[in-house]
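Reviewing the structure listed below.
Rule-based calculations on the coordinates, nothing more; no lab input. Quick caveat: nothing in here was measured; it's all calculated off a predicted structure. Cβ coordinates were reconstructed from backbone atoms using ideal geometry, including for glycine residues, and neighbour counts include every protein chain displayed.
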Amino acid sequence: MGALATLAGSAGMQIIEQILSRKLGDTGGQLATQVLAEIAKRAGIPVEQLDQAAQDNPKQVIDAMRATEQMSPEVVALYASGLQLQMAQLEAEQTEPLWMRAWRPGGMYLIFFLWVWNAVILHVANAIWKTALPPMPFDQLMQFTGVFLGLYMGGHTIKDAMAKWSGAAK
């Protein structure tokens, strides 16, 4: 990717150069990967061969970069707006009280503990201390898990479905 960034810089394509040298975009390189795929597609070669093509046939790669750079501002703007949305969501979550943020992971850990307790720990404890503590009925544990998953994962979906269902019933 270094040869491509150098080639883009020497051809005067600053946006492509910044993306490929990872001065612009995420640390994982998702934006750079998208740009490389687009350059390779426009050059008609596989992504793995781009560095070699930049050395062997720079004109072909520069033409593909120029075609890609025309769409780059839109891609960068879309990417930047996605990052801004993620940061705004993170900031909004940080301003919520702890109890509003903690019920999801706390509930997940509680349900995990209840399942492990019911299936493993209780039986081991009964065997060690020779007691007969009864397990929680699995049907009730399944219902509790289902209610939590419904609230955590499907609250808006259920609300939307009920609104559509009540509207269709009228």
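Annotations
- Here the contact order of the chain, divided by its residue count and restricted to Cα pairs under 8 Å and six or more residues apart, works out to 15 percent.
- Label-reachable residues, the stretch 106-120, where backbone N falls under 16 Å from a point 7 Å from Phe138's Cα toward its Cβ: 114-120
- Taking the stretch 2-94 and dividing mean pair separation by its residue count, relative contact order in percent (alpha carbons under 8 Å, at least six apart): 29
- Taking 0.36 nm per residue of separation and subtracting the Cα-Cα distance, full extension of the segment from Ala168 to Lys59 would add 33.1 nm.
- For the chain, hydrophobic long helices are taken as DSSP H runs at least 27 Å long by C-alpha position along their axis with mean Kyte-Doolittle hydropathy of -1.0 or more; these are 58-95, 138-169.
- Length added when fully stretched, Thr157-Trp103, from 0.36 nm per residue minus Cα-Cα: 17.5 nm
- Three principal axis lengths of the stretch 2-94 [C-alpha, angstrom, descending]: 51, 22, 20
- Approximate spin-label separation Lys130-Trp117, in nm, with each point projected 7 Å along Cα-to-Cβ: 2.6
- Remark on the stretch 28-170: ratio of C-alpha radius of gyration to 2.2 N^0.38 Å is 1.87.
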